[in-house]
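Peer 1: Got a structure for you, questions after.
The values are calculated or read from the model by the stated rules, or taken from the named source; none is laboratory data. In this text, all values refer to a predicted model and were calculated from it rather than measured experimentally. A quick note on method: Cβ atoms are made from the backbone with ideal geometry, for glycine too, and the neighbour counts reach across all protein chains shown. Each accessible area value is taken on the protein alone, full model and side chains, heavy atoms only, with ligands, DNA and RNA left out. Shrake-Rupley method; radii C 1.70, N 1.55, O 1.52, S 1.80 Å.
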Amino acid sequence: MVRWSALGLILLLTGCAAPRGDAIVFAVANAPTVLDPRLATDAASERVNALLYAQLVTLDEAGQPQAAMADLQMITPTHYRVRLRPERMPFWDGTMPSAKDVVETYRSVLDPANGSPHMATLAHIAQVRAHGEDQVDFRLKRPDPRFPARLTLGIVPASAIGTRQIAREPLGSGPLAFLRWREDGGVVLRRRADGQQIAFVPVSDPTMRALKLLRGEADLVQNDLPGELYAFLADQPGVEVREYPGTTFTYIGFNLADPVLSNETVRAAIAHAIDRDAIIRHLFGGRAQVAESVLRAEHWAGADALPPVRYDPAEARRLLRDAGYSPEHPLQLGYKTSTDPFRQRIAHVVQSQLAEVGIQLKISSYDWGTFFGDIKAGRFQMCSLAWVGVNTPDILRYAFHSASVPPGGANRGRYRSARVDAWIESAEAADLAEAAELYARVQNEVHGDLVYVPLWYESNVVASRGLDRYRPGRDGNYLALTEVRQRNAAGH
């Protein structure tokens, strides 16, 4: 738990803060680092990029594609035509997104030299060609009934590709425009509809994020606070705390290329030693739900009959003995996490639970950039991460297909299964009913192989002061920032 001295410090230091500008200040655990939708892989960057760059289509809460800056037509099962809408928004420099911009955006993703993490998902595109000024033809190597749902990539100006540092100097046509980077690594955006500025301010310590909210130095905090801090904030005048269902899937990842963790018996012992219910109850204050797969069971491609990973310390000890470990020869493992205090608390609880069955866990924490870089490079044994923004079963290819080992995707655990690869590839060309069955097989296989320890789906919890119209998307996105309003700007 957060020490009561920390909560006492919050009470001691809260009060009327000096007036600041009219910007809406969003205190975040991690600032975006790559403002290029073709290259970003971390959640903070992807959520901000969705505000900066318009997409051909967007996905609704059910994961179904909806026309955004373009309408789509299926000419044949392997030929789709995109027509840019006349009412699409211009890039911030006044130029209109054209067919050339769409073509060059997708071609750059498909170029292996660029190392885009989206390349694997779109690798079945055989050709992208402009058809006039406002139409683009996509020709596929194979039929793909759900191809429209894959066209959610933010469109980058062709003139910016390869000629400017767009990851640091973005130029998009989304509802918010880039203004500047902050000295603390945060970013300031401007809403195009009314000029409202929104500042993303990185504050790594959750207690300090709560403090900034109470002092009026921040207007909004979303997720990444321990349960008792939300309970504390809910009792403070002027602060609203709201909880919404979420799809963010948290898990403990294994490096299956590691000689110790390649042993499924060892992974099973670890899984049975973790008490997920206790962590949800004590650290999240109940604001999470036990999970078994990256897709929720109610998703059209979800698997609704996965056996739960049981908390069974006796079984964990037996499995360790079978794997050749004992009190005289204990299993020793490394566990990497970020420097976020809440994630570190979870890591220490996991460390304590594993110690009870005889596993010695060494925790190493790093700043987000270093931590995430190590995970992508395979420099870890165990780690804790979360999948955010999960709307489509494309995540199964992205995370588990053999071709998706970084940099080709996000199979960071180095999982390889010919059966899983074949099911994913068959599902991508199948009708909805058959695809749902195949994707369920994939999830059953991944679950049975213990590629990771599934933990929970985290609720979206928002704490705010003086704001209206802010409700995060089910996937935790920030799209409500396009319409959020300050209720009383003088009340800070």
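Peer 1: Which Rg and Dmax, in Å, describe the Cα atoms of the range 200-319?
Peer 2: 18.5, 54
Peer 1: The range 297-371: which trypsin sites (Lys or Arg not before Pro) are DSSP loop and have at most 11 other beta-carbon atoms within 10 angstrom?
Peer 2: Listed in order of number, the matching sites are R310.
Peer 1: Could I ask something else about it? As a test of understanding, state the convex hull volume per residue of the range 49-142 from its alpha carbons, in Å³. Show your work: numbers first, answer last.
Peer 2: Values: hull volume 11.5 nm³, N = 94.
Residue-normalised Cα hull volume stands at 122 Å³.
Peer 1: Gain in length, R416 to R192, computed as 0.36 nm per residue apart minus the alpha-carbon separation, to one decimal in nm?
Peer 2: Stretched fully, the R416-R192 segment lengthens by 76.1 nm.
Peer 1: Moving on. Add -39500 (n - 2.57) for each DSSP H run of 4 or more in the chain, then divide by its residues: what number comes out at 222 nm, to the nearest 500 deg cm²/dmol?
Peer 2: Mean residue ellipticity at 222 nm (helix-derived): -8500 deg cm²/dmol.
Peer 1: Where does each of Y335, Y366, Y311 land when they are ordered by accessible area, with a 1.4 Å probe and the largest first?
Peer 2: Details: Y335 5, Y366 75, Y311 100 Å².
Sorted by accessible area, descending: Y311, Y366, Y335.
Peer 1: If R0 is 35 Å, what FRET efficiency do you get for D60 and R242 from their C-beta distance, rounded to 0.05?
Peer 2: Details: r = 21 Å, r/R0 = 0.61.
After rounding to 0.05, the efficiency reads 0.95.
Peer 1: Given a 1.4 angstrom probe, I'd like the percentage of the accessible area of the range 255-296 that is carbon and sulfur, rounded to a whole number.
Peer 2: Numbers: 660 of 1430 Å².
After summing per-atom areas, the C and S share lands at 46 percent.
Peer 1: Let me ask something additional. Find out how many positive minus negative residues lie around D144, taking Lys and Arg as positive, Asp and Glu as negative, among other residues whose Cβ is under 13 Å from that of D144.
Peer 2: Residues close to D144 contribute a combined charge of +2.
Peer 1: I've got another one for you. Report the rotationally averaged projected area of the range 329-445 based on its alpha-carbon convex hull, in square nanometres. Please report the intermediate quantities before stating the final value.
Peer 2: Numbers: hull surface 35.4 nm².
For the range 329-445, averaging the hull's shadow over all directions gives 8.8 nm².
Peer 1: Now a separate question. If r is the Cβ-Cβ distance from D277 to R485 and R0 is 45 Å, what FRET efficiency results, to the nearest 0.05?
Peer 2: On the way: r = 39 Å, r/R0 = 0.87.
Rounded to the nearest 0.05, the efficiency is 0.70.
Peer 1: May I pose another question? Around L467, with a cut-off of 9 angstrom between Cβ atoms, what is the net charge of the other residues, counting Lys and Arg +1 and Asp and Glu -1?
Peer 2: Summing Lys/Arg as +1 and Asp/Glu as -1 gives +1.
Peer 1: Moving on. Using a 1.4 Å probe on the protein chains only, how many percent of the accessible area of the range 406-485 belongs to carbon and sulfur? Present the calculation step by step, with values, prior to reporting the outcome.
Peer 2: Working: 1300 of 2830 Å².
Roughly 46 percent of what the probe reaches on the range 406-485 is carbon or sulfur.
Peer 1: Which value, in Å² rounded to 10, gives the accessible area of M119 with a 1.4 Å probe and all protein chains present?
Peer 2: About 50 Å², ignoring ligands and nucleic acids.
Peer 1: Now, a different point. Over the heavy atoms of T247, what accessible area does a 1.4 Å probe trace out, to the nearest 10 Å²?
Peer 2: Estimated to the nearest 10 Å², T247 gives 20 Å².
Peer 1: Follow-up question, since we're still on this one. Given a 1.4 Å probe and every protein chain left where it sits, what share in percent of the accessible area of the range 158-218 is carbon and sulfur?
Peer 2: The computed percentage sits at 44.
Peer 1: So how much slack lies between D42 and R310, counting 0.36 nm per residue of separation and subtracting their Cα-Cα distance, in nm?
Peer 2: 93.4 nm
Peer 1: Just the accessible area per residue of the chain, please: how many Å² with a 1.4 Å probe?
Peer 2: Computed with neighbouring chains in place, this is 41 Å² per residue.
Peer 1: Mind sorting out which of (i) 21.9, 67; (ii) 23.7, 77; (iii) 23.1, 73 is the real Rg and Dmax of the Cα atoms in Å computed from the coordinates?
Peer 2: (iii)
Peer 1: Report for the chain the percent antiparallel among DSSP-assigned beta bridges with both residues inside it, nearest 5.
Peer 2: So the antiparallel bridges in the chain amount to around 75 percent.
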